Amino acid sequence: MTTTMQPSLTQVFRFTRASYADGVAELGYAFDDGQELVETVRFPQAPALPAERRAAFDAALKLLHLVAGVSYYKAGVPPKIELADGPLDDATADLLDALYLHGLAEFAYRNGLDLRGRISFPRSATSPSPLGGDGRGEGADLPKAPSLNLPRRTLVPIGGGKDSLVAVEAIKSIGGEATAVWVGNSALIAACAERTGLPTLNIQRELAPGLFEMNRLGAWNGHIPVTAVNSAILAVAAILYGYDSIAFANERSASAATLEYDGQQVNHQWSKGYAFEQLLGSWLHTHVASDLDYCSLLRPYSELAITRAFAKLTPYFDAFSSCNRNFRLLGPKPVDRWCGQCPKCHFVFLALAPFLPKPRLLSIFGRNLLDDENQAAGFDALLEYQDHKPFECVGEGAEARAAMFALSQRPEWQEDALVTRFRSEILPQLDGSQLALEPWLEPSPEHRVPARLRPALKTIG
């Protein structure tokens, strides 16, 4: 950056341009009349785009431009948004308004901001909303986009953790054709993707360097709905490479709010939740291709049901990690893949414990997290005991309590420090009728999994 502009004092956030050539997309943004911020997304070995997919590709690229802008908008949250190519139809504006408001709710909460009434994407005065009252419909008032006869194969995003590996194996079990895909350059994710045995696709996203300079100068910063950005990238990839479905591995509990503050629900995982899945899935059907499905294969299941399924996938035990801190650590040993201190480590340990022999679990983590009194506060937050659920991708407090209760009834766990503490201090304050593990293992009927992939659901539960 060649200026000391303060984004928080700006009045307009501008979407300046989006272009694509030879496997490289460039996305441009600016505050007021300031220097353009250009993000780059690289699609490796990109094929020539068939003419019949051009309109769909352009629509998906436009959406990517709008969604990825959330990373930059948050630096200043100015009161006005301008679009270089004019206003949006109501369906697109509804999607963007919801994404920026709810996807940035944690960011706003932590920074003492209120974004309600501030985010308003320009919309055409003549465009009817196809989404209806709550913005979650299937676009009944809009015609479907054309079918592109996309190849019947699935992009499965890999994050290095247990959930996406359960989704991969479920699709493989029904003979589905799939590709393991990820955004970024994590060696750990690459190793997990390789372990699946599927073809792989590694897309690179390079944030505008100017954003980091803005942050250094004191711009607003914090959590963004990165799953939404990756989803938009994969929508472009699906049209470019030819896939008829994008199947994430977001569980049922991703829809549960982390906390409520000043009348607004704050959900760290909002763009992994069902509301966003419905919004984006419907939008792709009406604006991109009627045969491009976007879903979460694991939506019917709780975290506990997914960990039960993962407990059978022993070939991944020495490769996976759900610890967000592991991306800053080197080395292949289990002790390096699990920091043992963060909410993700705490939750995965607790959720796997009812379904794995204790020695097997300890060999994965390299230590017993439930026999360390110094970890009490972390597990208390998971149980929502004297604290709210962590701002992390973890399960609901009620399922964490069910898992801890199950362990408290098993002799091999009863002597561990935090299990003993749970039995003596926390359990007497709980309603015993709400602690059963079994109800968490039952699937919900609520999902958007397309017919072609539904047989895979039976292999998970």
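The values are calculated or read from the model by the stated rules, or taken from the named source; none is laboratory data. What you see is a predicted model; the values in this text were computed from it and never measured. No Cβ is skipped: glycine too gets one built from the backbone with ideal geometry, and neighbour counts run over all protein chains shown. Side chains included, ligands, DNA and RNA excluded: accessible areas come from the protein's heavy atoms. Shrake-Rupley method; radii C 1.70, N 1.55, O 1.52, S 1.80 Å.
Working with all protein chains in place, sort E396, E415, E384, E303 by solvent-accessible area computed with a 1.4 Å probe, largest first.
E415, E384, E396, E303
Round to a whole number: what % of the accessible area of the range 336-445 belongs to carbon and sulfur, probe 1.4 Å?
Result for the range 336-445: 48 percent of the exposed heavy-atom area is carbon or sulfur.
Count charges around L292 for me, please; just the other residues with Cβ under 13 Å from its Cβ, Lys/Arg as +1, Asp/Glu as -1.
In short, +3.
So how long is each side of the chain along the principal axes, counting just the alpha-carbon atoms, biggest first, in Å?
65, 50, 45
Beyond a 18 Å Cα-Cα separation, which of these cross-linked pairs lie in this structure: K144/K272; K344/K458; K172/K458?
Long pairs (Cα-Cα over 18 Å): K144/K272; K344/K458.
Pairs of alpha-carbon atoms within less than 8 angstrom and 6+ residues apart define the contacts here; what relative contact order does the range 377-438 have, in percent?
So the answer I get is 29 percent.
Using only the Cα atoms of the range 194-246, build the gyration tensor, take square roots of its eigenvalues as a ≥ b ≥ c, and label the shape rounded, prolate or oblate: rounded if a/c is under 1.5, else prolate if a/b is larger than b/c, else oblate.
prolate
Keeping every protein chain present and rolling a 1.4 Å probe, give me the accessible area per residue for the chain in Å².
Here the residues of the chain average 40 Å² of exposed surface.
Where does the chain land at 222 nm, in deg cm²/dmol rounded to the nearest 500, when only DSSP H runs of n ≥ 4 count, each adding -39500 (n - 2.57), divided by all residues?
-9500 deg cm²/dmol
Starting from 0.36 nm per residue, how many nanometres of slack lie between L217 and E412 once their C-alpha separation is accounted for?
My answer for the length gained is 64.9 nm.
Please list D244, D114 from largest to smallest accessible area, probe radius 1.4 Å, with all protein chains kept in place.
D114, D244
Quick one: how many Å² of R360 are accessible to a 1.4 Å probe, rounded to 10?
100 Å²
Among residues other than S19 whose Cβ falls under 13 Å from its Cβ, what is the net charge (Lys/Arg +1, Asp/Glu -1)?
Spelling it out: positives minus negatives among the neighbours equals -4.
For K74, which lysines qualify as cross-link partners when the Cα separation must be under 18 Å and same-chain residues fewer than eight apart are set aside?
Within reach: none.
Which percent of the Cα-Cα distances in the range 307-461 go past 27 Å?
25 percent
When the chain is fully extended, how far beyond the present Cα-Cα distance does S147 get from E82, taking 0.36 nm per residue of separation?
20.2 nm
Run through all the Cα pairs of the range 1-124 and give the fraction in each 10 Å bin from 0, expressed as whole percent.
12, 41, 33, 12, 2
Could you compute the net charge surrounding D32? Neighbours are other residues with a C-beta less than 12 Å from the C-beta of D32; K and R count +1, D and E count -1.
-1
Reachable aspartates and glutamates from K389, Cα under 13 Å, same-chain residues fewer than 8 places away excluded?
Here the aspartates and glutamates satisfying the reach criterion relative to K389 are E106, E260, D380, E399.
Take the alpha carbon atoms of the range 194-210, find their center, do the same for the range 49-103, and report the distance between the two centers in whole angstrom.
22 Å
Keeping the other protein chains in place, figure out the carbon and sulfur percent of the accessible area of the range 64-118, with a 1.4 Å probe.
The value for the range 64-118 is 45 percent carbon and sulfur by accessible area.
Sequence gap at least 6, Cα distance under 8 Å: using those rules, report the relative contact order of the chain to the nearest whole percent.
So the answer I get is 16 percent.
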